[in-house]
Amino acid sequence: MSVYHRPVMISECLELLALRPGKIYVDATLGGGGHALAMLEHEPQIKLYAFDRDIDAIKEAEATLQDHHAVLIQANFKDLRTQLAYHKVSGIDGILFDLGVSSHQLDETERGFSFDRDAELDMRMDRESEMTARKIVNEYSVDELKKIFREYGEEQAAGRIARAIERSREKQPIKSTLELAGVIESVVGVGSKESLKTKVRVFQALRICVNDELAALSSALNDAINLLNPEGRIVVMSYHSLEDRIVKNMFKLAEQDCICPPVIIQCVCSHKSTLKVLTRRPRSATDEEIQTNVRSRSAKLRAAEKKRGKR
Ligand SMILES: C[S@@+](CC[C@H](N)C(=O)[O-])C[C@H]1O[C@@H](n2cnc3c(N)ncnc32)[C@H](O)[C@@H]1O
């Protein structure tokens with residue numbers, strides 16, 4: 001497997017996708033194409049559409065999948081429905097989301113995802129999009145920064161870090177990852193485990209904001225559930241609690257018949273259950289996999305199936 005990215009929980013994903021020959025599948029997060037390749041090797045008779053917003057991923061996957069047929073689409077998965085419609089696909093039989101960033105994206109210093117390697121504050125998955133971490137750090141108000149660090153990083157010191165950023169950028173703009181890491185350390189200290197965790201959380205929060213990750217996920221999950229044909233499967237792997245919560249809640253909602261608030265005695269929503277959740281609790285990687293692929297440690301895998309007769 002390529003060093004671009006080592007795919008996580010392949011056999012669990014294949015088991016839950018339950019690929020059927022002749023049917024239509026989507027890999028919403030192609031990356032280096034590891035999961036896509038596994039899908040095509042497992043069931044060569046599927047029709048596969050694969051998305052990534054990062055051109056590097058598309059190029060890498062073209063090479064990985066050169067002996068197979070798949071339609072590779074450079075696009076944000078939030079545009080899943082319109083992109084598939086463009087390819088004349090109005091229903092799918094399974095979809096895989098393997099969320100977050102690839103190892104390649106993290107390892108490429110100049111993309112600015114890592115706090116311990118000096119680079120421009122960038123963090124864009126799609127390098128043609130306008131928003132960058134530098135813009136957020138230097139142009140957003142203290143209140144906005146605090147909200148981002150608190151909501152997307154669940155960071156306790158969000159306010160203190162936002163104010164430290166403001167003081168620092170008053171002197172000169174914060175341009176690099178190491179400069180930002182230094183500002184965070186000025187608040188939480190250097191070298192401790194807590195300082196390290198804070199840097200992870202603040203950088204994660206910025207990455208989520210730069211790429212508008214949670215809004216894209218909510219909208220794509222909704223579209224994916226609607227696009228699924230009866231008995232079609234949706235399989236989602238997430239790597240932090242914010243994403244996992246969105247997946248869990250979205251599945252729960254689609255599984256319920258009535259979604260009226262409890263105070264309403266007679267249902268007025270007419271909501272009908274369309275999904276059956278296949279994983280009551282999220283599945284995790286085996287100890288064996290975690291030992292060989294540290295990234296798999298935080299993976300949470302959830303899956304659901306579209307009910308018969310629903311569309
Ligand atoms: C964890 S990697 C996927 C790895 C892949 N499963 C493999 O086997 O190599 C996540 C990929 O999803 C892409 N991605 C993340 N959010 C996206 C979005 N909203 N739309 C399209 N691609 C996205 C990233 O660019 C990255 O390449």
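Structure notes:
- Taking all protein chains as shown and a probe of 1.4 angstrom, Tyr239 keeps an accessible surface of around 40 Å².
- Average accessible surface area per residue within the range 206-294, 1.4 Å rolling probe, Å²: 52
- With Cα atoms defining each centre, the range 287-307 and the range 172-239 are spaced 18 Å apart in the structure.
- The range 29-101 shape via C-alpha gyration tensor axes, a/c threshold 1.5: oblate
- When restricted to Cα atoms, the range 130-210 yields an Rg and a Dmax of 11.2, 35 Å, respectively.
- Highest to lowest packing among 50-57, 75-82, scored as the average C-beta count within 10 Å: 50-57, 75-82
- Percent RCO, i.e. relative contact order, over the range 130-210, from Cα pairs under 8 Å lying at least 6 residues apart: 41
- Taking every C-alpha pair closer than 8 Å and separated by at least 6 residues, the mean separation divided by the residue count of the chain gives a relative contact order of 17 percent.
- Pairs from Lys88/Lys300; Lys248/Lys306; Lys147/Lys175; Lys147/Lys171; Lys78/Lys272 whose Cα-Cα separation, in the structure shown, is over 26 Å: Lys88/Lys300
- Treating r as the C-beta distance of Glu154 and Glu110 and R0 as 22 Å, the FRET efficiency rounds to 0.20.
- Solvent-accessible area of Val200 with every protein chain in place, 1.4 Å probe, in Å² to the nearest 10: 70
- Computed E for Arg281/Gln74 - FRET, C-beta separation, R0 25 angstrom, nearest 0.05: 0.10
- For the range 39-67 and the range 245-278, distance of Cα centres in Å: 34
- Among beta bridges that DSSP assigns inside the chain, antiparallel share in %, nearest 5: 40
- Placing dummy labels 7 Å off each Cα toward the beta-carbon, the span from Arg297 to Asn222 is 3.6 nm.
- For the residue pairs Lys199/Lys276; Lys135/Lys199; Lys59/Lys252, the alpha carbons lie more than 28 Å apart in Lys199/Lys276; Lys59/Lys252.
- Between the beta carbons of Glu170 and Ile55, assuming R0 = 35 Å, the FRET efficiency works out to 0.45 to the nearest 0.05.
The values are calculated or read from the model by the stated rules, or taken from the named source; none is laboratory data. It should be emphasised that the depicted structure is a prediction, and the values quoted were computed from it without experimental measurement. Ideal geometry is used to build each Cβ from the backbone, glycine not excepted, and the neighbour counts take in all protein chains shown. All accessible areas refer to the heavy atoms of the entire protein, side chains included, with ligands and DNA or RNA removed. Shrake-Rupley method; radii C 1.70, N 1.55, O 1.52, S 1.80 Å.
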